[in-house]
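Take a look at the structure below.
The values are calculated or read from the model by the stated rules, or taken from the named source; none is laboratory data. Given the structure is predicted, the values throughout are model-derived calculations rather than measurements. All Cβ positions, even for glycine, are placed from backbone atoms using ideal geometry, and neighbour counts span all protein chains on display.
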Amino acid sequence: MVDLVLLHGPPASGKLTIANELSVLTGARVFHNHLTLDVAKSLLDFGEPEFWDLVRDLRLLSFQSYFKNGVDPLVTTWCYEQPEDHELFLDIKSIASDHGGRVLPVFLNCDIANLENRVTNDHRHKMEKLCDVEQLRKIMLKKHYAAIPDDLCIEINSATDTAEFNAKEIVKLFNL
């Protein structure tokens with residue numbers, strides 16, 4: 001059985017940082033959500049409906065391949081929005097189930113002050129992520145980032161605990 005740890009939360013909540021810590025601890029592969037965004041941006045205009053359709057298709061195809069052929073745990077990141085993204089989550093969970101795998105959702109809870117502090121970090125600029133505090137504030141008012149409603153979903157505080165501590169907690173809670 002293969003596991004997909006799905007780290008989700010708002011921008012700058014520490015998803016990729018914790019994913020990388022999980023990789024160090026478990027040997028898991030990291031599938032950063034920006035990989036699919038980068039492919040889509042190279043082909044279509046960002047934000048258009050066709051852009052998001054391509055992102056969805058790329059993610060589903062990637063997870064189908066992983067659950068069919070993967071042997072190592074996989075960690076992925078996602079700015080999951082409730083309720084808009086729930087159907088995609090159910091599709092991913094269905095793919096996992098069809099191949100005897102598990103999707104293990106982890107919601108990263110982080111207060112706005114910490115998000116604002118982190119959003120301007122240099123590594124975010126290098127990766128072409130959201131880097132503007134005002135844009136973050138607008139997004140946070142408009143979007144509903146929430147824990148995925150799933151029996152396996154856990155919530156961790158990425159504002160007060162280190163990425164290493166949180167990764168160890170995830171390993172312990174999911175027995176990875």
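For segment 55-79, a residue qualifies if it is out of contact with any Ser or Thr (no Cβ under 8 Å at 6 or more places or on another chain), of a type in the set (A, V, I, L, M), modelled with pLDDT of 95 or more and over 18 Å from residue 166 (Cβ atoms), and the qualifying residues are 60, 61. The lone criterion from (1) under 17 Å from residue 31 (Cα atoms); (2) more than 15 Å from the chain's Cα centre (by Cα); (3) not in a loop (DSSP other than H, G, I, E, B) left unmet by residue 107 is number (2). Only helices (runs of 4 or more DSSP H) wholly contained in segment 1-89 count here; list those with 2 or more residues that are without any contact (Cβ under 8 Å) to a residue 12 or more places away in the chain and surrounded by fewer than 20 Cβ atoms within 10 Å (Cβ to Cβ). The qualifying helices (runs of 4 or more DSSP H) are 34-43, 49-69.
When only residues in segment 130-175 that are free of Cβ contacts under 8 Å to residues at least 40 places away in the same chain, assigned to a loop (DSSP other than H, G, I, E, B) and of a type outside the set (Ser, Thr, Tyr) count, which is surrounded by the fewest Cβ atoms within 10 Å (Cβ to Cβ)? Result: 151.
Any residue in segment 117-127 that is surrounded by 15 or more Cβ atoms within 10 Å (Cβ to Cβ), in a helix (DSSP H, G or I) and at pLDDT below 95? There is at least one residue in segment 117-127 that is surrounded by 15 or more Cβ atoms within 10 Å (Cβ to Cβ), in a helix (DSSP H, G or I) and at pLDDT below 95.
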